Amino acid sequence: MAVITSARRAETIKTEGLHNVADVRRLYLEVSWRQRGEERSPANGVTRSWIYRFKSPITGKVRNMGLGSSRDLGFADAKEKALAAAKQLLEGKDPIIERDREREATRQAYQRDIASRVTFKDVAESYLKKHLPSFRNDKHRHQWKTSLERAGAAFGSLNVAEIDQGAVVKFLSPIWDSAPVTASRIRGRVEKVLDAARAAGLRDGENPARWTGHLEHLLSARPKIEHHSAMPVAAVPAFMARLRERETMSARALEFAILTASRSGEARGAEWREIDLEARTWTVPASRMKASREHTVPLSDRAVAILKALPDLGVYVFPGAQGQPMTDAALMRLLQRMDANCTVHGFRSSFRDWAGDLGHFDREVVEHGLAHGLPDATEAAYRRGTALNKRQLLMQSWSDYCGGKLTAVGNVVALHG
């Protein structure tokens with residue numbers, strides 16, 4: 001082991017190993033050779049690093065604290081760092097523990113400085129960029145964007161770390177009673193963004209938008225989100241007869257949605273390429289399904305007749321304005337004009353009630369007809385096998401019932417000529 005007595009010696013020594021610095025206890029210069037390929041020698045390059053070696057007063061173990069490369073830390077500066085570490089030892093402190101504490105304090109100060117300049121809007125934009133692609137449909141994406149834009153405007157220039165319960169209550173209070181369902185959904189979205197801010201180290205403490213244990217004490221009882229209103233099964237045939245008298249595109253879209261027991265968005269967004277009239281099927285891709293699984297719908301005689309009578313006006317079977325899919329509002333307006341106290345989605349409940357009353361179809365067949373996930377592998381296997389043929393019978397029977405050709409009371413089925 002050589003002794004390092006000068007900066008020049010520290011810069012030129014090539015003997016591998018630890019070398020003591022002459023006038024500073026516990027300070028060493030570690031010399032090692034870089035290896036390239038099979039050869040390992042000083043000719044391939046030498047690295048020199050300062051090491052402070054000490055026995056920890058905390059753990060009693062010998063520890064090596066790296067001070068830095070000799071290229072970045074000069075001889076005099078290395079001695080100064082070693083003397084500072086020696087002073088900490090005299091105070092009963094572990095220099096590595098103290099260094100780590102200082103680094104953590106610096107990191108936290110840096111994070112606080114960043115947070116002081118980051119607003120709710122900044123975090124919301126980052127959150128949406130990461131999560132919007134995974135949302136199921138355009139309507140859902142639009143609702144998230146408008147909700148968070150509304151919150152961002154309310155919180156203004158407040159940095160995300162400063163948003164407290166008072167700011168959240170002030171934002172939500174004006175809409176909590178006037179639009180309770182909307183307000184409840186906005187609250188949940190704000191909560192997620194503030195959770196994301198905390199995960200990113202931009203804020204600490206409890207989430208001020210959380211309901212349980214927080215806002216439940218400051219706002220009125222959480223509004224109940226109403227279930228989709230369904231039409232009584234017995235009223236469906238008469239309604240369908242009136243619906244068929246209407247010759248509008250929205251009437252055909254609504255009738256198609258009812259006959260296929262599909263969700264509004266699935267029917268309104270139907271594309272001609274998804275339709276196979278010869279096979280009498282409509283295959284909805286996974287990207288448009290709530291469960292993110294492709295779903296094949298058998299088409300009844302009436303559903304096929306609707307499709308054959310429609311003009312091909314582009315990509316969509318039921319186009320709205322400017323070649324885009326028909327809006328949900330168009331179908332809701334139609335229901336209102338027809339004095340139907342129900343929603344489009346509610347007809348799926350009507351379908352399920354009818355199937356239950358009819359009593360001829362297995363639960364698995366009905367659940368798959370509604371594109372619901374089946375709970376176990378046995379039912380999944382059943383779905384992949386014979387369910388399509390059985391669902392063809394199911395959907396035709398439903399269509400016949402809607403058309404007034406079939407009635408069911410309990411398990412007794414009556415056909416009408």
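None of the figures in this text is laboratory data; all of them are computed from the coordinates on show. Just so it is clear, the structure is predicted and the values come from calculations on it, not from any experiment. With ideal geometry, Cβ positions are generated from the backbone for all residues, glycine too; neighbour counts draw on all protein chains shown.
Numbers at a glance
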read-out: Sequence-separation-based contact order of region 3-114, relative, with Cα cut under 8 Å and 6+ spacing, percent; value: 18 percent
read-out: Potential extension, R337-H131 segment - 0.36 nm per residue separation minus Cα distance; value: 70.4 nm
read-out: Region 3-114: C-alpha pair distances exceeding 19 Å, %; value: 52 percent
read-out: Sorted by Cβ density within 10 Å, fewest first, the residues L218, L334; value: L218, L334
read-out: Exposure proxy order (Cβ contacts within 10 Å, fewest to most) of R34, R141; value: R34, R141
read-out: Length released on extending from R34 to E98, taking residue separation times 0.36 nm less the Cα-Cα span; value: 19.9 nm
read-out: Region 1-100: GluC sites (Glu not before Pro) in DSSP loop, at most 13 other beta carbons within 10 Å; value: E38, E91
read-out: Fully extended contour minus Cα-Cα distance, from R25 to R112, at 0.36 nm per residue; value: 27.5 nm
read-out: Radius of gyration, Dmax [region 120-217; alpha carbons; angstrom]; value: 12.8, 35
read-out: Qualifying GluC sites (Glu not before Pro) for region 219-298 [loop in DSSP, other Cβ within 10 Å: at most 14]; value: E226, E245, E247, E278, E294
read-out: Pairwise FRET efficiency - A286 versus D177, Cβ, R0 = 51 Å, nearest 0.05; value: 0.80
